[in-house]
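Just so it is clear, none of the values below were taken in a lab; they were calculated from the coordinates. Worth saying up front: this structure is predicted, and the values here are computed from it rather than measured. Virtual Cβ from ideal backbone geometry, glycine too; neighbours counted across all protein chains shown.
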Amino acid sequence: MEKRYYFILTALPELPQLGQPAPLGLAEFRQLIVDEGPESVLVDAVLLEEDLTMREAILSGEIDHAEGIVLTDEQVMGREDLPDFLRTEPDRHYRIAADATWWNYYNYVNDLAKSHHSAFLRNWVGFEVNLRNALVEARAAKLNLQASDFIVAQDIGEEQDVSDIISAWSTAPTPIKAMQVLDQHRRKWLDDNVAYYNFGIDEILAYARTLILVARWYRLEEKSKNQSAENKSL
């Protein structure tokens, strides 16, 4: 029988629109779930995506500091090796090292979804892979590159039509607006694909992913405001 999370889900604060402050931190949220039995590993798998995104931003020089949620701070900062399951030999050579890490991540989540019989997690990782690879193809076409060199975990991708998302992304007036388009559609996908008021693990997973998006956009909005204030002071 599927475990129900009545207390946790009724106690969790409602999540605002993107750009508004998150009502709790990601590490704080994880502490509420970490002792909830074997299914907590599924929540960690979703939160791990944010750790890897922050790690990639650190290594590219986009940001200079981030704290781990599932990974250690040193792993996120690139000073320590990632866990073994994120460093296995991928299916082929990738031109960008980070793509091999993402290949491992997507396969790890997909395997967890299968072993825990989580259709929601399986569909979510399929959607994310499909969207990622569609973006790769669109960017490659613009830059006259071979898209196949950057496609990741294609066998996991769900056959979902994301052409409307790619169209909206490609016509966004600025890079930040383009990112916002993607995350707004990610949130919409979550709302459309989780059975709310079921009180199962799927709702916890959807909350975790939505909290990531809310926290990300509040951080970006604050960074944008600070940069604008600095520019005005010059």
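I need the trypsin sites (Lys or Arg not before Pro) found in region 16-90, filtered to DSSP loop residues with at most 14 other beta carbons within 10 Å of theirs.
Filter output for region 16-90: 79, 87.
For the chain, modelled as a Gaussian network with Cα springs under 10 Å, which listed residue fluctuates most, 140, 22, 97?
Greatest mean-square fluctuation among the candidates belongs to 97.
Through the Karplus equation 6.51 cos²θ - 1.76 cosθ + 1.60, θ set to phi - 60°, convert the phi angles of region 202-218 into ³J(HN,Hα) values in whole Hz; use x for Gly and Pro.
Here the 3J(HN,Hα) series is 4, 5, 5, 5, 5, 5, 4, 5, 5, 4, 4, 5, 5, 4, 4, 6, 5 Hz.
Report D for the chain in µm² per second (integer): Stokes-Einstein, Kirkwood Rh on Cα pairs, 20 °C, 1.002 mPa s.
Details: Rh = 18.9 Å.
For these conditions, the coefficient is 113 µm²/s.
Let me have the relative contact order for region 6-233, percent, based on Cα pairs under 8 Å that are six or more residues apart. Provide the component values of the computation, followed by the final result.
Values: 226 pairs, mean separation 58.4, N = 228.
Averaging sequence separation for qualifying contacts and normalising by length gives 26 percent for region 6-233.
Specify the residue with the greatest mean-square fluctuation among 163, 60, 40, computed from a Gaussian network of the chain linking alpha-carbon atoms under 10 Å apart.
60
Could you work out the longest stretch of the chain that avoids the chymotrypsin sites (Phe, Trp or Tyr not before Pro) located in DSSP loops with at most 14 other Cβ atoms within 10 Å? Could the numbers behind the result be given before it?
Values: sites that count: 196, 197.
Segment 1-195 is the longest.
Mind telling me which of 156, 176, 69 comes out most flexible in a GNM of the chain, alpha-carbon contacts under 10 Å?
The residue that fluctuates most here is 176.
Loop only by DSSP, 16 or fewer other Cβ within 10 Å of the Cβ. Give me the GluC sites (Glu not before Pro) in region 55-115 that pass, ordered by residue number.
Of the GluC sites (Glu not before Pro), the ones in loops of region 55-115 whose Cβ has at most 16 other Cβ atoms within 10 Å are 62, 67, 80.
Of the lysine pairs in region 6-233, how many meet both conditions: Cα atoms under 17 Å apart, and a spacing of 8 or more in sequence or different chains?
Lysine pairs, 8 or more places apart or on different chains, close enough: 4.
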